[in-house]
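Here is the structure we will look at.
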Amino acid sequence: QGEQQVNEQGHLVIDGADTVALVKKYQTPLVVYDVTAIRQQIRRFKKVFEANHVKYAVSYASKAFATIAMFQLVNQEGAHIDVVSGGELYTAIKAGFPLEKVSFHGNNKSLAELEMAVSHHIGVIVVDNFHEIALLNQVLEAQDETINVLLRLTPGVSAHTHEYDQTGQEDSKFGFDIRSGQAEQALQMVLQNPRMHMQGIHAHIGSQIFEVEGFVLAAEKLVDLAADWQQKFHYEPEVLNVGGGFGIKYTEADDPIAPEAFVDAIVKAVQTRTAEHQLKMPAIWIEPGRSIVGPAGYNLYTIGSRKDVPGLRPYVTVDGGMGDNIRPALYQAEYEAILANKATEQPQETVRIAGKYCESGDILIQKQALPQSQPGDILAMKATGAYGYAMASNYNRNPRPAVVFVEQGNAKLVVQRESYEDLVHLDRSFV
Ligand code: LLP
């Protein structure tokens with residue numbers, strides 16, 4: 001996350017565009033992405049792999065923000081994507097995304113989703129469970145097709161923001177358990193299936209992680225497993241996918257390590273361990289979502305009402321809230337905001353930023369120092385680009401915001417604001 005850009009009028013600037021002008025043109029609530037920042041982040045990940053001379057794929061975890069424009073941008077940067085639903089896959093198809101660079105995740109893919117994936121010849125299915133092996137086989141036979149498969153494994157390493165635990169048997173709904181022999185059984189089933197090509201293994205240990213240790217541990221476990229499989233079945237994975245989860249800075253209190261450090265540690269761990277076991281070096285795939293789009297996104301709101309209670313922090317209310325960013329209400333996630341139209345003014349008071357939704361828990365920020373604000377001021381919440389718009393809802397029948405991509409001063413509307421008509425267009429009359 002770079003330094004905040006402010007112009008002569010004291011307005012916040014996002015990738016060369018004046019936020020006040022953006023709001024005038026597109027209204028609020030508005031989601032704005034700094035396209036240069038997204039490109040840079042993808043390039044940073046790729047560069048570390050290239051410096052280490054390993055085969056790799058940077059696969060953007062599109063659940064963080066999946067729209068046609070985003071998929072097109074990711075494709076311009078030569079990255080892969082992972083999808084977790086027929087809807088994300090459909091969006092990728094509509095975007096013209098090269099489907100051989102798509103991985104399909106999920107712990108309960110439907111028959112229809114698998115049919116769609118196979119008929120569009122997507123790159124790889126990340127198979128999660130035994131039911132899915134059977135379903136996929138059925139689809140492949142019906143369509144007389146073959147497909148690449150990664151096995152999703154539960155490595156027994158789960159990482160949380162500031163800690164990781166190695167409990168041996170992770171209690172997770174995702175993937176094949178390693179210790180109980182499920183993973184080995186799944187491997188044999190895929191190896192014996194002539195329609196499935198066993199491309200490699202996958203593990204994802206968590207999200208918003210601040211340390212390399214969990215990734216290193218998981219990578220080592222995957223390589224150890226590969227060595228075991230080499231011995232027992234003469235099978236060596238071509239791809240080792242270590243998932244996503246690289247943490248980002250939301251507030252001043254957050255101090256994440258650089259993306260380069262994560263990737264470097266993972267690559268070194270895999271290189272060392274494969275050499276020890278005398279295995280071929282596999283391609284390493286990563287699936288960053290949050291770290292690619294999170295810091296690049298801003299939610300812009302217009303300030304409206306205010307409530308002052310003696311002795312308490314004032315409530316300053318904006319024209320959006322939990323419908324466009326559920327993360328504070330859902331995870332107690334913390335953000336920071338500034339007044340976009342008074343970006344050079346010094347803070348004068350500490351307030352709560354409340355949303356407009358009919359729910360007491362709809363508080364976007366519990367404690368925010370701000371200059372004196374007036375109705376009509378523009379509030380910019382920072383680092384909202386991941387799991388913000390992606391998790392937006394129509395709660396209270398509020399239309400979802402518009403999304404604008406800005407690149408070097410040029411703004412482009414990439415998702416239209418929902419209209420009231422959009423809100424009712426699937427409703428059918430009862431009388
Ligand atoms: N790969 C897999 C298999 C995943 O399950 C996820 C995230 C990722 C990659 C990307 O992780 P990232 O790099 O974005 O941390 N809604 C939550 C986050 C849920 C993440 C789920 N899986 C939030 O807003 O914090």
Could you say whether any residue in the stretch 27-35 is of a type in the set (A, V, I, L, M, F, W, C) and within 30 Å of Leu240 (Cα to Cα)?
-> yes
Which of the residues spanning the stretch 215-260 are of a type in the set (Gly, Ala, Ser) and within 30 Å of Ala37 (Cβ to Cβ)?
-> Ala218, Ala219, Gly243, Gly244, Gly245, Gly247, Ala253, Ala258
Can you spot a residue in the stretch 273-281 that is out of contact with any Phe, Trp or Tyr (no Cβ under 6 Å at 6 or more places or on another chain), more than 30 Å from Lys47 (Cα to Cα), loosely packed, with under 14 Cβ neighbours inside 10 Å and without any contact (Cβ under 8 Å) to a residue 24 or more places away in the chain?
-> no
Out of Tyr357, Tyr331, Tyr395, which single residue is of a type in the set (Phe, Trp, Tyr) and either over 24 Å from the mean Cα position of the chain (by Cα) or at positive phi (or both)?
-> Tyr357
Residues in the stretch 147-163 that are part of a strand (DSSP E or B) and farther than 24 Å from Trp285 by Cβ: how many?
-> 1
Could you list, in sequence order, the residues of the stretch 322-338 that are aliphatic (A, V, I, L, M) and either surrounded by 23 or more Cβ atoms within 10 Å (Cβ to Cβ) or at pLDDT below 95 (or both)?
-> Met322, Ala337, Ile338
Identify, from the list Leu191, Leu153, the residue that is touching a helix residue (DSSP H, G or I) at 6+ places or on another chain (Cβ under 9 Å), modelled with pLDDT of 95 or more and under 16 Å from Val242 (Cβ atoms).
-> Leu153
Counting only residues that are of a type in the set (Ser, Thr, Tyr), give me the strands (runs of 3 or more DSSP E) lying completely in the stretch 329-415 with at least 1 of them.
-> 349-354
Just wondering, is there one or more residues in the stretch 257-264 that are small (Gly, Ala, Ser), in a loop (DSSP other than H, G, I, E, B), within 15 Å of the ligand (Cβ to nearest atom) and on the phi > 0 side of the Ramachandran plot?
-> no
Specify which of the listed residues (Ser172, Ser158) is in contact with a Phe, Trp or Tyr (Cβ under 8 Å, 6 or more places away or on another chain), of a type in the set (S, T, N, Q) and within 16 Å of the ligand (Cβ to nearest atom).
-> Ser158
Out of all the residues in the stretch 205-215, is one or more surrounded by fewer than 23 Cβ atoms within 10 Å (Cβ to Cβ), touching a residue at least 60 places away in the same chain (Cβ under 8 Å) and more than 14 Å from the ligand (Cβ to nearest atom)?
-> no
Just one listed residue, out of Ala186, Ala219, is surrounded by 20 or more Cβ atoms within 10 Å (Cβ to Cβ), away from the ligand (no atom under 16 Å from the Cβ) and part of a helix (DSSP H, G or I), and it is Ala186
When restricted to Ala333, Ala329, the only residue in contact with a helix residue (DSSP H, G or I) (Cβ under 8 Å, 6 or more places away or on another chain) and either β-branched (Val, Ile, Thr) or closer than 24 Å to Gln208 by Cβ (or both) is Ala333
So which of Ile353, Ile303 is in contact with a Ser or Thr (Cβ under 7 Å, 6 or more places away or on another chain) and surrounded by 19 or more Cβ atoms within 10 Å (Cβ to Cβ)?
-> Ile303
Regarding Ile292, is this residue within 11 Å of the ligand (Cβ to nearest atom) and either modelled with pLDDT of 95 or more or in the same structural domain as Tyr56 (by TED's automatic domain parsing) (or both)?
-> yes
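The values are calculated or read from the model by the stated rules, or taken from the named source; none is laboratory data. Please read all numbers here as calculations on a predicted model, not as lab measurements. Quick reminder, even Gly has a Cβ in these numbers, built from the backbone with ideal geometry, and neighbours come from all protein chains shown.
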